[in-house]
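Engineer: Attaching a single structure in structure tokens format; questions to follow.
The values are calculated or read from the model by the stated rules, or taken from the named source; none is laboratory data. What you are looking at is a predicted structure, and each value in this text was computed from that prediction instead of being measured. Glycine also receives a Cβ, built like all others from the backbone with ideal geometry; neighbour counts cover every protein chain displayed.
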Amino acid sequence: MLPELSPFTIDQRQTLNSLLSGFDPVQRGWLSGFLAAAGPAVRTTPVVAGKLTVLYGTESGNAEVLADRAVKEARKCGFQAVMKNMSDLSPAELANFSNLLVIVSTWGDGEPPETATAFYKEFMKSALSLKGVRFSVCALGDTSYEKFCQTGKDIDARLEALGASRLHDRQDCDVDFEDAFTGWLGHSLVALAPDSALSSVATEVAAPAAPAIGYGKKNPFPAELLDAVILNGERSSKETLHLEFSLAGSAFSYDPGDALAVIPINAPDTVQAILDAAKLSGNEEIDTKISGRKRLADALREDFDITALSRNVLAKLAESTGSARLKSLLGEEAKEPIKDFLAGRQISDALLEFAPSGLGADDLAGLFRKLPPRLYSIASSPLAHPDEVHLTVAALRYLSHGRARKGVCSTYLADLVKPGDTVPVFVQPNKNFRLPEDASLPVIMIGPGTGIAPFRAFIEHRAALGATGRNWLFTGDQHYLYDFLYQLEWQDALKSGALTRLDAAFSRDQPEKFYVQHRMAARAAELYAWLEEGAHFFVCGDATRMAADVHEALVSIVQIQGGKSTESANDYVEDLKKSKRYHRDVY
């Protein structure tokens, strides 16, 4: 059988192994001689460049996908490359790695990914010696956050402080990370394998990628919107949509827990606000570096992120305008003032404030990054809805600093897309948010608001599989009468047995606000009993408050029901994470 380190993909190895196992000794001998006679293009003794570990920490799955690519490219260069998840590793093991590439994302306000939190905390306070370890770090982040790529920056600095040798500079990647990652990987492999034979292969890694074949991230699929239904009642203050898209012809596959990436366009009034603030008509032509030369108005609508205001955008604006006031705001001593200014404002506000005379078309275009896709948890099972994918999307509309604001993608789907229209999409896998392989295990799901989406998929999927494991859903919203998302489906699932228990919390139906964590506390004994029986615990939804409150409630339940100390209860919950029984998909 071909070894794992052979220069073939998993599918190729399986195919070759299947063929070779059916050959008799004479056939194998003939094939060996034929390949040997084929000439110098066949390398009978592969060059081995040494061992390489690709360590990743991921929240949405991007870092894992890139780690897998890094391993495959490294093997082409002769490395004995393996990938390891930070969740499966202790920092002390790093001393065993001579060559190390780290790919890690930053989540929220400078936090490490959920699955990498334990590793990160232990590593940042460790005192081990990493002399003899060569490393390079690729950090994934989002420039709209103040602490852009902070986890990668921290790990990079800590590796050097512990004696490891940096073989290539850290690469900080924004949400459009493809080119930056590809360049970093190619240069890192060249630095690891400087001899000419291997360097020529490694240099090819840094070359521009070939055009995409088939549908995917580089070539999104135009999915037709089949149906759109508002889930809230008429008197609700919310606007939550159930959207159904066709995937027929895409060749996409997905699992419950995955996300669908939607590539939106900016709304006409949002584009006009930018043009008015910059005192431009929109008919000016610019080079976008994304889709070639085009009208400014078209580029603002289709190519650029024209709303998300960040320190990075302000720095570019200061350079273009020469505004002394803006440069002062960007000073190191003005951390709180700039934080206050960024809160609730958009790029058009900054233009009005610091470029009152307007801005040239090229200078304006230079402020923006590429319009990033938005990820939505998939709300359907492929077994229940073949060739379809469903989403649960809340249209975001609010007032800030005296101006009406709206979410780019949520209102694109709510206002601009009608049944029959197509929307560019691709599937984003999330291997950290999967149903247990053992279908007999119980599942506890906490999903208020649109956090309900993946659990609709979970329940549909387990029903289609005939899974015997029990399913307990905690959900909720503001009002029972207007905001009980998928209420009739849950009632049907209870009747059929697909859903074992349902507990809902509606925060505005009584004087005291009542949330899912309060409902959990009211069911503490039963919830703890399910955990003791091996239940997997899932949380999806708001990261700012809900996820933290649910976590705190979970620790409290374990402490009280298990008769444990606070430390022991925290250890119990941490063990749930390490054993991959505590899963979070929060945003």
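Engineer: If you check T115 against the conditions, is it farther than 27 Å from N312 by Cβ, assigned to a helix (DSSP H, G or I) and either within 25 Å of the chain's Cα centre (by Cα) or assigned by TED's automatic domain parsing to the domain that holds I306 (or both)?
Structural biologist: Values: farther than 27 Å from N312 by Cβ: yes; assigned to a helix (DSSP H, G or I): yes; either within 25 Å of the chain's Cα centre (by Cα) or assigned by TED's automatic domain parsing to the domain that holds I306 (or both): yes.
Yes: the conditions hold for T115.
Engineer: Which residues, counting only those in the range 500-525, are modelled with pLDDT of 95 or more, farther than 23 Å from Q487 by Cα and loosely packed, with under 15 Cβ neighbours inside 10 Å?
Structural biologist: Selection gives A525 alone.
Engineer: To continue, here is another question. When only residues in the range 231-283 that are acidic (D, E) and part of a loop (DSSP other than H, G, I, E, B) count, which is farthest from P429 (Cα to Cα)?
Structural biologist: Kept after step one, since they are acidic (D, E), are these residues of the range 231-283: 234, 239, 244, 255, 258, 269, 276.
Adding the requirement that they be part of a loop (DSSP other than H, G, I, E, B) leaves 234, 239, 255, 258.
Values: E234: 35, E239: 27, D255: 8, D258: 5 Å.
This residue is E234.
Engineer: What tally of residues in the range 260-279 results from selecting those that are out of contact with any helix residue (DSSP H, G or I) (no Cβ under 6 Å at 6 or more places or on another chain) and under 19 Å from S348 (Cα atoms)?
Structural biologist: 8
Engineer: Is it true that some residue in the range 72-81 is modelled with pLDDT under 90 and under 26 Å from K217 (Cβ atoms)? If you could, list the steps in order and put the result at the bottom.
Structural biologist: Pass one, the range 72-81, residues modelled with pLDDT under 90: 76-78.
Checking which are under 26 Å from K217 (Cβ atoms) leaves us with 76-77.
Yes, that holds for at least one residue.
Engineer: In the set D179, D174, D154, which member is of a type outside the set (K, R), surrounded by fewer than 20 Cβ atoms within 10 Å (Cβ to Cβ) and in contact with a helix residue (DSSP H, G or I) (Cβ under 9 Å, 6 or more places away or on another chain)?
Structural biologist: Details: D179 fails: in contact with a helix residue (DSSP H, G or I) (Cβ under 9 Å, 6 or more places away or on another chain); D154 fails: surrounded by fewer than 20 Cβ atoms within 10 Å (Cβ to Cβ).
From the options D179, D174, D154, the qualifying one is D174.
Engineer: Then there's this: How many residues, within the range 152-166, are more than 17 Å from A95 (Cβ to Cβ) and either among the aliphatic types (A, V, I, L, M) or touching a Leu at 6+ places or on another chain (Cβ under 8 Å) (or both)?
Structural biologist: Here is the first cut: in the range 152-166, the ones more than 17 Å from A95 (Cβ to Cβ) are 152-154, 156-157.
In the following step, the residues that additionally are either among the aliphatic types (A, V, I, L, M) or touching a Leu at 6+ places or on another chain (Cβ under 8 Å) (or both) were identified as 152, 157.
Selection size over the range 152-166: 2.
Here is a yes/no grid of residues against (1) more than 21 Å from D585 (Cα to Cα); (2) crowded, with 17+ Cβ neighbours inside 10 Å; (3) not aromatic (F, W, Y):
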residue	(1), (2), (3)
D88	no, no, yes
P112	no, yes, yes
K121	no, no, yes
S129	yes, no, yes
Y145	no, yes, no
H168	yes, yes, yes
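Engineer: Restricting to the range 546-587, name every residue that is touching a Phe, Trp or Tyr at 6+ places or on another chain (Cβ under 9 Å), of a type in the set (K, R) and surrounded by fewer than 20 Cβ atoms within 10 Å (Cβ to Cβ).
Structural biologist: Matches in the range 546-587: K564, R581.
Engineer: Name the residue that is nearest to the chain's Cα centre (by Cα), counting only residues in the range 139-185 that are among the small types (G, A, S) and assigned to a helix (DSSP H, G or I).
Structural biologist: Filtering the range 139-185 down to residues among the small types (G, A, S) leaves 139, 141, 144, 152, 157, 161, 163-165, 180, 183.
Within this subset, residues satisfying the condition of being assigned to a helix (DSSP H, G or I) are 152, 157, 161, 180, 183.
Details: G152: 15, A157: 24, A161: 29, A180: 17, G183: 21 Å.
Among residues in the range 139-185 that are among the small types (G, A, S) and assigned to a helix (DSSP H, G or I), the one nearest to the chain's Cα centre (by Cα) is G152.
Engineer: Still on this structure, please answer the following. Considering only residues that are of a type in the set (A, V, I, L, M) and either modelled with pLDDT under 95 or in contact with an Asp or Glu (Cβ under 6 Å, 6 or more places away or on another chain) (or both), which ones fall in the range 221-268? Don't jump to the end; show me each part of the working.
Structural biologist: Filtering the range 221-268 for residues of a type in the set (A, V, I, L, M) gives 223, 225-226, 228-231, 241, 243, 247-248, 251, 259-263, 265, 267.
Hits for the range 221-268 are L225, L226, L247, A248, I265.
Engineer: Part of a helix (DSSP H, G or I) and among the small types (G, A, S): which single residue out of S129, S136, S87 fits that description?
Structural biologist: Numbers: S129 fails: part of a helix (DSSP H, G or I); S136 fails: part of a helix (DSSP H, G or I).
Unique residue meeting the criteria: S87.
Engineer: While we're looking at this one, here's another question. Scan the helices (runs of 4 or more DSSP H) fully inside the range 424-534 and keep the ones with 2 or more residues being of a type outside the set (S, T, N, Q), without any contact (Cβ under 8 Å) to a residue 12 or more places away in the chain and over 24 Å from H551 (Cα atoms).
Structural biologist: Details: elements: 453-465, 480-483, 487-496, 516-522, 524-532.
In the range 424-534, the matching helices (runs of 4 or more DSSP H) lie at 487-496.
Engineer: Can I ask one more? Only one of (1) out of contact with any strand residue (DSSP E or B) (no Cβ under 8 Å at 6 or more places or on another chain); (2) assigned to a helix (DSSP H, G or I) is not met by S410, so which one is it?
Structural biologist: Answer for S410: the failing condition is (1).
Engineer: Which of the following residues is in contact (Cβ under 8 Å) with a residue 40 or more places away in the chain and crowded, with 19+ Cβ neighbours inside 10 Å: L383, L359?
Structural biologist: Only one candidate passes the filter, namely L359.
Engineer: Can I ask one more? Take the conditions among the β-branched types (V, I, T) and over 25 Å from K406 (Cα atoms) and apply them to T321. Does it pass? Give the steps one after another, and end with the answer.
Structural biologist: Details: among the β-branched types (V, I, T): yes; over 25 Å from K406 (Cα atoms): yes.
Answer is yes for this residue.
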